[in-house]
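Step one of this worksheet: look at the structure below.
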Amino acid sequence: MKKKDFHKTITVNASASETLKKINQVSKWWAKKVKGKSEKLNDTFTVDFGTTWVDFQITELVPNKKVVWKVTDCNLEWIKNKKEWKDTEVVFDISTENGKTKIDFTHIGLVPGIECYTDCEAGWSEHLAIGLEALINEGKGQPQ
């Protein structure tokens, strides 16, 4: 049986275009310290939590539909396998239905059984709700 990648769906009150723009404003919803750019195809950026950090490259960008961030390197300080996210992908699929925009978030490679799954599942759920969803719907996220 194939293990399921972490997935969460949120619905926001913004256009698909505005939603994609906010997703790429990483420092406004996920981490206060972000180095690099996260706007265009092939942009690279680092989400920095001090001793824990993650390097990303935007490997796919379909306007108003999808953005994919590939993890090119990382240091997950709190677990044994500090490179556990390396070569995983964070995918935001965007669609519009009933006048609202739906974000289907999938972290490909973040599956039950890996060391950080429980912590990372909780972390992503929180960042997506009080970070990204709040940024889009209320104009202010709560980045760490």
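The values are calculated or read from the model by the stated rules, or taken from the named source; none is laboratory data. Keep in mind that this is a model prediction, so the values were computed, not measured. Because the Cβ atoms are built from the backbone with ideal geometry, glycine has one as well, and the counts that use them run over all protein chains shown. The area values use the complete protein model at the heavy-atom level, side chains included, leaving out ligands, DNA and RNA. Shrake-Rupley method; radii C 1.70, N 1.55, O 1.52, S 1.80 Å.
Assorted remarks:
One line per residue, one yes/no per condition, for (1) surrounded by fewer than 20 Cβ atoms within 10 Å (Cβ to Cβ); (2) among the aromatic types (Phe, Trp, Tyr); (3) assigned to a strand (DSSP E or B):
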{"site": "Ala14", "(1), (2), (3)": "yes, no, no"}
{"site": "Leu20", "(1), (2), (3)": "no, no, no"}
{"site": "Lys40", "(1), (2), (3)": "yes, no, no"}
{"site": "Phe45", "(1), (2), (3)": "no, yes, yes"}
{"site": "Trp69", "(1), (2), (3)": "no, yes, yes"}
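- One residue stands out among those in region 98-134 that are part of a helix (DSSP H, G or I), touching a strand residue (DSSP E or B) at 6+ places or on another chain (Cβ under 9 Å) and open to solvent by less than 20 Å² (accessible area, probe 1.4 Å): the one that is farthest from Trp78 (Cα to Cα), which is Leu132.
- In region 127-141, the residues that are closer than 17 Å to Asp104 by Cβ reach residues that are charged (D, E, K, R) with C-beta atoms within less than 6 angstrom, at least six apart or across chains, in these pairs: Leu128/Lys8; Ile136/Lys22.
- Residue pairs meeting the criteria (Cβ under 7 Å; at least 6 apart or on separate chains; first touching a residue at least 24 places away in the same chain (Cβ under 8 Å) and over 18 Å from Pro63 (Cβ atoms), in region 86-110; second among the hydroxyl-bearing types (Ser, Thr, Tyr) and in a strand (DSSP E or B)): Lys100/Thr11
- Residue count for region 71-94, restricted to those that are over 16 Å from the mean Cα position of the chain (by Cα) and exposed (fewer than 14 other Cβ atoms within 10 Å of the Cβ): 5.
- Scan of region 71-93 for residues that are under 17 Å from Gly123 (Cα atoms), among the charged types (D, E, K, R) and in a strand (DSSP E or B), ordered by number: Glu89
- Every listed requirement among (1) closer than 24 Å to Lys21 by Cα; (2) surrounded by 14 or more Cβ atoms within 10 Å (Cβ to Cβ); (3) of a type outside the set (Gly, Ala, Ser); (4) touching a residue at least 24 places away in the same chain (Cβ under 8 Å) is met by Pro63 save one, (2).
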